[in-house]
Amino acid sequence: MKRLRNIVATALLLMTGHLSFSQTLTLKMNGPQSEVQPTMWGIFFEDINFSADGGIYAELIKNRSFEFTVPMMGWKEVRKEGTGNVLIVNRETGHAANPRYAHLTISAGSGSYGLFNEGFRGIGYKKGMQYNFSFLARSTGGQTPARLVLVDEKGERIGETTIPAVTGKDWKKYVATVTADRTVTKGGVQLLFSGNGTLDIDMVSLFPQDTWKQRPGGLRNDLVQLLADLHPGFVRFPGGCIVEGRDLANRYQWKKTVGKVEDRTLIVNRWNTEFAHRAPGDYFQSYGLGFYEYFQLSEDLGAAPLPIINCGMACQFNTGEVAADEDVAVYIQDALDLIEFANGATSTKWGQLRADMGHPAPFNLQFLGVGNEQWDSQYIARYQRFEEVLKTKHPEIKLVSSVGPFSSGDRFDYLWSKLKPSKADLVDEHYYMPPEWFLKNAGRYDNYERKGPKIFAGEYAAHIKTPKGQKETDTAEGRNTWESALAEAAFMTGLERNADIVQMASYAPLLAHVDAWQWRPDLIWFDNLRSVGTPNYYVQKLFANSRGTHTVSVTANGKTLTGQDGIYASATIDKTSKKILLKVVNATDKAIDYKVALEGAATSAGPVTHQVLTAANKTDINTLDAPAVVAPVENKLKATKNNVPVSVGANSLNVITIPYK
């Protein structure tokens, strides 16, 4: 009977929230505090895994201007009781950025002849959605009425519209709108001509009307919304390794990505052949998503733009080419011109181009990265030249420098020894490591030198390897396990705890197409119609949406929680909203009960919320077909004057929000 009474009493205490908790987490609200930068949690964008063309850039036509290495890649001829031929013409004079166009000869009569485009691993259509079609054309003889046909995987029509007949010998833009009759994941599009005649076509384009902010020729709505939901503090672009290029001729040159879309210079994507086992063969950069669009996206998201520019060095894992000493000044001038493009008055050359593109107001650029993952003396020599000029002419711009691709070692130490006394504002550290590394390194920055540059944790992700004897999953999303996300969460408590020195951090890579990826894990996966946030995405979201303005100390038994007994913790306060934002990671297989005690403050009126991210198994993942296997759940807690009882589940990330006074 006594045992039964104890069980009932315990149950009642649990239901009413008054169970005595044996362990205490102490928040020292009256202790030392460090400011958390608005840029603390951001996003890293690189055009890898078909992230831009075929991804966030909503263009549905592949090789729209016939500029791929194989000019007809992505295209096929279509004959429907008519005939004709296509000839690719290269005009070398006066059209360096877009020299090719297609010359069509139509001999169709009442039948039709034309071209089919396969899109990027097919074209996704949604029932009832309207699509904007356009192309540049000129007539070189005869009459050729045209129509646009949307088709499904079997080539059957799912939408059709007529296009104004091409007339005149001058290039002109022709437009039409078509509606999809049903939803298709991997369809295509046909541009068909009847009659008899000849014409030239270029810049063949198809966009959904439902783009981000309904901008014509804009970005894919669902993918940008996932980014917006992160509330990022910054957007780093255009990458990573994409900045360097395999050689300098194939480096990212921002000036070739701005201005009219048809005047931007397409190049092959460096990830097209980087990994032989995942070489797509058809991966190019049209630069429809260029530096103007990156700045615009950053502004839309309320995030600081962080462009990375080439410092005169190609990827050292590839050719390792460096620009001649006398040519480095050209790269520095590109940096100066970029600052003018972003911030300059409309009376300047590059500021006027920004205005001509639709944005007279400055983009408020504050950060600039010089090089990516470069190392050794050749990098330092080039960085120092950038620093000397940029800090003299633009002291308001914070410079981000590199300590290479590794988190430790001789190259890492050498670069730090040179950058510590420099005028670099932030140093970019990268870590692609196993989950165990992240769990062991949550205290990495606790004893870092506080003088000198701040830290930008620019690229990190916990990489899971397939255990020996187990079969590799054929699911693209399979490497984004809850185990990897949990380890990252533990590490991120250490980043947040050291917010006085760690001022920017971003997971990488950001996006990946399930049918066209080169690298995994990735934060967000998508196909032609759907997108899904991984467990890692939800970790980023919970931290970024609970950033706070200042750090406060959180301890157990007087010790900072950096992994003792598998527990990690950090805490911030938001001085504006008067809320405590406590993060606790339990990396063990057992639940733990805590009492959260406040020193120097008391709880105030308002709900105490407990957001929990966990999974039944460490191997659990989110997929396009099952997107919410690992997703946050929120519940309410009851608080007394200066403490809050909370149960921290096994293998979980917990964000406890407590109003205070």
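The values are calculated or read from the model by the stated rules, or taken from the named source; none is laboratory data. None of the values given here were measured: they were computed from a predicted structure. Glycine also receives a Cβ, built like all others from the backbone with ideal geometry; neighbour counts cover every protein chain displayed.
Scanning the stretch 255-280 for residues that are surrounded by 16 or more Cβ atoms within 10 Å (Cβ to Cβ), aliphatic (A, V, I, L, M) and more than 14 Å from Phe68 (Cα to Cα) yields Val258, Val261.
If the condition is being within 25 Å of Leu495 (Cα to Cα) and among the acidic types (Asp, Glu), then the stretch 579-630 contributes Asp589, Asp593, Glu599. You will find that of Ser484, Ser506, the residue that is more than 13 Å from Thr623 (Cβ to Cβ) and either part of a helix (DSSP H, G or I) or in contact with a helix residue (DSSP H, G or I) (Cβ under 6 Å, 6 or more places away or on another chain) (or both) is Ser484 and no other.
Residues in the stretch 111-120: is at least one among the aromatic types (Phe, Trp, Tyr), touching a residue at least 40 places away in the same chain (Cβ under 8 Å) and within 20 Å of Glu262 (Cβ to Cβ)? Yes, because at least one residue in the stretch 111-120 is among the aromatic types (Phe, Trp, Tyr), touching a residue at least 40 places away in the same chain (Cβ under 8 Å) and within 20 Å of Glu262 (Cβ to Cβ).
Would you say Arg444 is assigned to a loop (DSSP other than H, G, I, E, B) and on the phi < 0 side of the Ramachandran plot? For Arg444, the condition - assigned to a loop (DSSP other than H, G, I, E, B) and on the phi < 0 side of the Ramachandran plot - is met.
Just to be sure, is Thr39 farther than 27 Å from Val166 by Cβ, assigned to a strand (DSSP E or B) and of a type in the set (Ser, Thr, Tyr)?
Working: farther than 27 Å from Val166 by Cβ: yes; assigned to a strand (DSSP E or B): no; of a type in the set (Ser, Thr, Tyr): yes.
Against the criterion (farther than 27 Å from Val166 by Cβ, assigned to a strand (DSSP E or B) and of a type in the set (Ser, Thr, Tyr)), Thr39 does not qualify.
From the residues in the stretch 395-421 that are among the small types (Gly, Ala, Ser) and part of a loop (DSSP other than H, G, I, E, B), which one is surrounded by the most Cβ atoms within 10 Å (Cβ to Cβ)? Restricting to residues being among the small types (Gly, Ala, Ser) and part of a loop (DSSP other than H, G, I, E, B), the top hit is Gly404.
Name the residue that is surrounded by the most Cβ atoms within 10 Å (Cβ to Cβ), counting only residues in the stretch 177-208 that are of a type outside the set (Asp, Glu) and part of a loop (DSSP other than H, G, I, E, B). Can you show your working first?
From the stretch 177-208, those of a type outside the set (Asp, Glu) are 177-180, 182-199, 201, 203-208; that's our starting set.
Keeping just the survivors that are part of a loop (DSSP other than H, G, I, E, B) gives 180, 182-183.
Numbers: Ala180: 21, Arg182: 14, Thr183: 15.
Checked the stretch 177-208; the qualifying residue surrounded by the most Cβ atoms within 10 Å (Cβ to Cβ) is Ala180.
Scanning the stretch 492-503 for residues that are outside any loop (DSSP other than H, G, I, E, B) and not hydrophobic (A, V, I, L, M, F, W, C) returns Thr493, Gly494, Glu496, Arg497, Gln503. Residues that are at pLDDT 95 or above and not hydrophobic (A, V, I, L, M, F, W, C) within the stretch 455-476 comprise Gly458, Glu459, Tyr460, His463, listed in sequence order.
Mind checking whether some residue in the stretch 223-231 is of a type in the set (S, T, N, Q), surrounded by fewer than 19 Cβ atoms within 10 Å (Cβ to Cβ) and not in a helix (DSSP H, G or I)? No; the residues of the stretch 223-231 include none that is of a type in the set (S, T, N, Q), surrounded by fewer than 19 Cβ atoms within 10 Å (Cβ to Cβ) and not in a helix (DSSP H, G or I). The residues of the stretch 489-507 include none that are farther than 13 Å from Tyr445 by Cα and surrounded by fewer than 24 Cβ atoms within 10 Å (Cβ to Cβ). The residues on offer are Ser139, Ser134, and the sole one that is within 27 Å of Ser531 (Cα to Cα), among the small types (Gly, Ala, Ser) and either touching a strand residue (DSSP E or B) at 6+ places or on another chain (Cβ under 7 Å) or surrounded by fewer than 22 Cβ atoms within 10 Å (Cβ to Cβ) (or both) is Ser134.
Out of the residues in the stretch 636-661 that are hydrophobic (A, V, I, L, M, F, W, C) and in contact with a helix residue (DSSP H, G or I) (Cβ under 9 Å, 6 or more places away or on another chain), which is nearest to Ala490 (Cα to Cα)?
Kept after step one, since they are hydrophobic (A, V, I, L, M, F, W, C), are these residues of the stretch 636-661: 637, 639, 644, 646, 648, 650, 653, 655-656, 658.
With the extra rule that they be in contact with a helix residue (DSSP H, G or I) (Cβ under 9 Å, 6 or more places away or on another chain), the set shrinks to 653, 655.
On the way: Leu653: 8, Val655: 12 Å.
Going through the qualifying residues, I end up with Leu653.
A count restricted to the stretch 376-409 and to residues that are in contact with a Phe, Trp or Tyr (Cβ under 9 Å, 6 or more places away or on another chain) and of a type in the set (S, T, N, Q) stands at 4.
Within the stretch 237-265, the residues that satisfy the criterion of being within 21 Å of the chain's Cα centre (by Cα) and either of a type in the set (Asp, Glu) or under 25 Å from Asp527 (Cβ atoms) (or both) are Phe237, Pro238, Gly239, Gly240, Cys241, Ile242, Glu244. Going through the stretch 158-176 one residue at a time, which ones are surrounded by fewer than 16 Cβ atoms within 10 Å (Cβ to Cβ) and in contact with an Asp or Glu (Cβ under 8 Å, 6 or more places away or on another chain)? Of everything in the stretch 158-176, just one residue is surrounded by fewer than 16 Cβ atoms within 10 Å (Cβ to Cβ) and in contact with an Asp or Glu (Cβ under 8 Å, 6 or more places away or on another chain), namely Trp171.
Scan the stretch 523-580 for residues that are basic (Lys, Arg) and surrounded by fewer than 18 Cβ atoms within 10 Å (Cβ to Cβ) and jot them down. Steps first, answer last, please.
Start the filter on the stretch 523-580 by keeping residues that are basic (Lys, Arg), which leaves 530, 541, 547, 559, 575, 578-579.
Matches in the stretch 523-580: Arg530, Lys559, Lys575, Lys578.
Only one entry in Gly74, Gly82 is surrounded by 15 or more Cβ atoms within 10 Å (Cβ to Cβ), touching a Phe, Trp or Tyr at 6+ places or on another chain (Cβ under 8 Å) and modelled with pLDDT under 95, namely Gly82.
Within the stretch 331-372, the set of residues being in contact with a helix residue (DSSP H, G or I) (Cβ under 8 Å, 6 or more places away or on another chain), of a type in the set (A, V, I, L, M, F, W, C) and in a loop (DSSP other than H, G, I, E, B) comprises Ala345, Met357, Phe363, Leu365.
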